[in-house]
Amino acid sequence: MSPRRIAVIIRRHLYETARNPDRIADVLFWPFLDVVTWGFFSCYLVHGGQASFAAPEQLVGGIALWGAFRAFQRDIAVGFLAEIWSRNITGLFASPLRLDEYVAGLLCVNFLKIGFALFLIAFACYGLTGLPGPGLALHLLAPLAVLLCFGAAIGLFVTGLILRYSARVQTLAYGMAGLLMPVSCVFYPLSALPAPLRACAAILPTTRAFEAMRQTMRGQGLPLILLLQGAAGALAALLAGLLFFHSVVRSARRSGRLLRLD
Amino acid sequence: MDSARTSAVLVLKATDLYKRFDDKLAVDNIGFSAAKGEILGIVGPNGAGKSTVIGMLSGLLEPDAGSIEIFGLNFARHRAGILQRMNIASPYASLPGQLTVRQNLSIYAGLYGVPHPARRIADLLELFGITALADARFSKLSSGQAIRVCLCKALLNQPELLLLDEPTVYLDAEIAARTRELILQQRALRSMTVLLTSHDLAEIEHLCDRIVLLNHGRMAACGSALEVTRAILGLDREHAALGEVFALVARTRA
């Protein structure tokens, strides 16, 4: 792998983000709006007489982490879609760029974007709602790592599907994370789910990450077992996503789909 | 020419290429070679297999059978190293519209590891007369301007082998003529080998040293314009007549 070519892919997507208002809104504006809106709501519940509500940080933390997971997954797939929309895919795949370099560049640039967005949002959250945004962010780092790893896996899987079935299935880039949300226990514990769904939810790295987030925020320390289980699941999914993407690209080279992607 | 070619360095050698898409045989047992500094035209009616051949030579498409050697190396085994030394321009390949011309070219300069990229980009923009467009968004360019930017991209790494798919298709007559002269100039300067597809028969005759005529995925003839004419229309022909050749080939397809 060439670090130079990975850096070029990072630069290519940063140029695109900087010049595209839709991308800037996706990275900064909408996540900011989510966190601030639910931050105000949490403040209202705490200070407005709803004494039974005792965990505004958990609500805002869930919003922020879910937003990061969804954005990471979506932006990996949308980054690849941008190459199809602009018919740049031919030039890239006919250049010395290796597939792993492209994927590494895409992961790195989205990691940078998410890091930047979370940093700004954490401070904005503190300034506007009084919730301890930066302190909250520190609690979220370990679950965030699990979620980003799993988000990368889902993003690569969706990207593979786009390459396999063309941009007709591009809606998956935006909606795939949403399919996982009900069973990811973002705002409620695993025990809140109906029994038949619990087994399914328990194997998801997202569920482990959000359970870990809640335990950390309740002051029960860093739940290492939960985090390790989540990380193992996310890494396995990432490996599967990479293998799937590689196999789809090989198949596209055989079938001629790279020549007629639209 | 043949004896000269035998002693020349072969840049490209395609042997027994075969490609099937579902029930359609797109390329059937095609083989040809190109020597250093040669301009080889790949021509034929729509559906003859030109794009499939270009796709295979650019690494976007894997042949079902046969082999491709470029710079004396097996393409399947040395893909990245070979692609480093070649480039492609096609009207079906474009560049990200949100990026400026300069940003797009700097991205590809980075991918190809071009030394002194800013200088190289400035030189190419000047060569194609589009220096004023350097900071324009690619999406704002006319199709003729966009084609010229894509040609700049294709020449960024000073390729030893250049694949040009319909290089002048959206250009007006004056710019197309200038582009043809630039191709000849680059070939003369650096002994660059060029593989070119075009529907413009005058362009093919003007630019190409040899022609590979494809029909129904098969190689119908190969040689100079005159040799192809004689192979298809009869040995008594004294002048190249690619228009007649195409008309006859089109009739046999009907």
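Annotations for the structure displayed:
- Rounded, prolate or oblate (a/c below 1.5 giving rounded, otherwise prolate when a/b exceeds b/c) for the stretch A:125-262 by Cα gyration tensor: prolate
- Highest-fluctuation residue, A:ALA104, A:ALA209, A:ALA231 considered, GNM on chain A with Cα pairs under 10 Å: A:ALA104
- Residues of the stretch B:11-49 with amide N under 14 Å of the 7 Å Cα→Cβ point at B:THR252: B:44-45, B:48
- Chain A - Debye-derived log10 I(q)/I(0), Cα point model, q = 0.07, 0.11, 0.15, 0.16 Å⁻¹: -0.26, -0.63, -1.08, -1.20
- Label positions at A:ALA232 and B:TYR92, each projected 7 Å from the Cα along the C-beta direction, are separated by 4.8 nm.
- Length released on extending from B:ALA202 to B:ASP123, taking residue separation times 0.36 nm less the Cα-Cα span: 25.6 nm
- The stretch B:113-185: C-alpha gyration tensor shape, a/c 1.5 cut-off, then a/b vs b/c: oblate
- For the stretch A:84-111, a reduction of at least 10 Å² in accessible area between the chain on its own and the assembled protein chains (probe 1.4 Å) is found at A:SER86, A:ARG87, A:ASN88, A:THR90, A:GLY91, A:LEU92, A:PHE93, A:ALA94, A:SER95, A:PRO96, A:LEU97, A:ARG98.
- B:LEU163 long-range amide H proximity, modeled H, under 5 Å: B:ASN87, B:ILE88, B:ALA89, B:LEU195
- Cα lying deepest toward the dipole's positive end in the stretch B:1-159, options B:SER33, B:GLY44, B:TYR92, charges on Cβ: B:TYR92
- Rounded to two decimals, the Cα radius of gyration of the stretch A:91-193 over 2.2 N^0.38 Å is 1.35.
- Normalised per residue, the accessible area of the stretch A:187-262 is 52 Å², obtained with a 1.4 Å probe and no contribution from ligands, DNA or RNA.
- Nearest-20 debye value, the protein assembly as shown charge dipole, Cβ charges on Lys, Arg, Asp, Glu: 840 debye
- Legend: distances between Cα atoms for B:LYS50/B:LYS140; B:LYS13/B:LYS140; B:LYS13/B:LYS153; B:LYS24/B:LYS153; pairs beyond 28 Å are B:LYS50/B:LYS140; B:LYS13/B:LYS140; B:LYS24/B:LYS153.
- Relative intensity, log₁₀ I(q)/I(0), of the stretch A:186-262 from a Debye sum that treats every alpha carbon as a point, q = 0.24, 0.25 Å⁻¹: -1.06, -1.11
- Spatial separation of Cα centroids for the stretch B:4-63 and the stretch B:124-155, in angstrom: 29 Å
- Per residue, the solvent-accessible area of chain B (1.4 Å probe, heavy atoms of protein chains only, all protein chains present) comes to 42 Å².
- Calculated FRET value between B:LEU184 and A:LEU141, using beta carbons and R₀ = 60 Å, to 0.05: 0.50
- For the stretch B:147-254, the fraction of 1.4 Å probe accessible surface lying on carbon and sulfur atoms is 51 percent.
- With all protein chains in place and ligands, DNA and RNA left out, the 1.4 Å accessible area ranks B:HIS199, B:HIS116 as B:HIS116, B:HIS199, largest first.
- The stretch A:140-183 - Rg over Rh from alpha carbon coordinates, Kirkwood radius: 1.06
- Spin-label model, B:THR131/A:ARG198: points 7 Å from Cα along the beta carbon direction are separated by 7.4 nm.
- For the protein assembly as shown, the orientation-averaged shadow of the C-alpha convex hull comes to 28.1 nm² (one quarter of the hull surface).
- The protein assembly as shown: calculated mean residue ellipticity at 222 nm from DSSP helix runs of at least 4, using -39500 (n - 2.57): -19000 deg cm²/dmol
- The charge dipole of the stretch B:87-213, taken about its Cα centre with unit charges on the Cβ of Lys, Arg, Asp and Glu (plus for the first two, minus for the last two), comes to roughly 500 debye.
- Take the Cα radius of gyration of the stretch A:1-109 and divide it by 2.2 N^0.38 Å, N being the number of residues; the result is 1.45.
- Net charge of Cβ neighbours under 14 Å - reference A:ILE9; Lys, Arg +1; Asp, Glu -1: +1
- GNM result for chain A, Cα springs below 10 Å: residue of A:THR159, A:THR207, A:THR37 fluctuating most strongly: A:THR37
- Taking the Cα centre of chain B as origin and assigning +1 to Lys and Arg Cβ atoms and -1 to Asp and Glu Cβ atoms, the resulting dipole is close to 640 debye.
- Placing unit charges on the Cβ atoms of the charged side chains and taking the dipole of the protein assembly as shown about its Cα centre, the candidate lying farthest along the positive direction among B:LEU133, A:GLY241, B:ILE147 is A:GLY241.
- Between B:LEU73 and A:ASP100, the distance separating the two model label sites (each 7 Å from Cα on the Cα→Cβ line) works out to 1.7 nm.
- Estimated translational D of the stretch B:72-132 in µm²/s (Stokes, Kirkwood radius over Cα pairs; 25 °C; 0.890 mPa s): 184 µm²/s
- The B:HIS116 and A:SER191 beta-carbon pair, evaluated with R₀ = 51 Å, returns a calculated FRET efficiency of approximately 0.20.
- When accessible surface is computed with a 1.4 Å probe, chains B and A are found to bury approximately 2900 Å² between them, both chains counted.
- Computed over neighbours whose Cβ is under 11 Å from that of B:ILE30, the net charge equals +1, Lys and Arg +1, Asp and Glu -1.
- Quotient of the Cα radius of gyration of chain B and 2.2 N^0.38 Å, N being its number of residues: 1.01.
- Candidates A:VAL46, A:VAL27, A:VAL248: whichever shows maximal mean-square fluctuation once chain A is modelled as a Gaussian network with Cα springs under 10 Å: A:VAL46
- Relative frequency of Cα-Cα separations exceeding 22 Å in the stretch B:45-159, percent: 40 percent
- Between the alpha-carbon centres of the stretch A:188-262 and the stretch B:173-229 there is a gap of 53 Å.
- Förster-model FRET efficiency, 25 Å R0, B:VAL169 and B:LEU233, C-beta, rounded to 0.05: 0.40
- Distances between placed amide hydrogens fall under 5 Å for B:ALA136 paired with B:VAL101, B:ARG102, all partners being 5 or more residues away or on another chain.
- Tensor-based shape of the stretch B:18-87 (alpha-carbon gyration tensor, a/c under 1.5 rounded, otherwise prolate or oblate): oblate
- Surrounding net charge for B:GLY113, when Lys and Arg each add one and Asp and Glu each subtract one, Cβ distance under 12 Å: +4
- The shape of the stretch B:31-70 can be summarised by an equivalent ellipsoid whose semi-axes, obtained from the alpha carbon gyration tensor, come to 17, 15, 9 Å from longest to shortest.
The values are calculated or read from the model by the stated rules, or taken from the named source; none is laboratory data. Given the structure is predicted, the values throughout are model-derived calculations rather than measurements. Quick reminder, even Gly has a Cβ in these numbers, built from the backbone with ideal geometry, and neighbours come from all protein chains shown. What goes into the accessible areas is simple: the full protein's heavy atoms, side chains included, and nothing from ligands, DNA or RNA. Shrake-Rupley method; radii C 1.70, N 1.55, O 1.52, S 1.80 Å.
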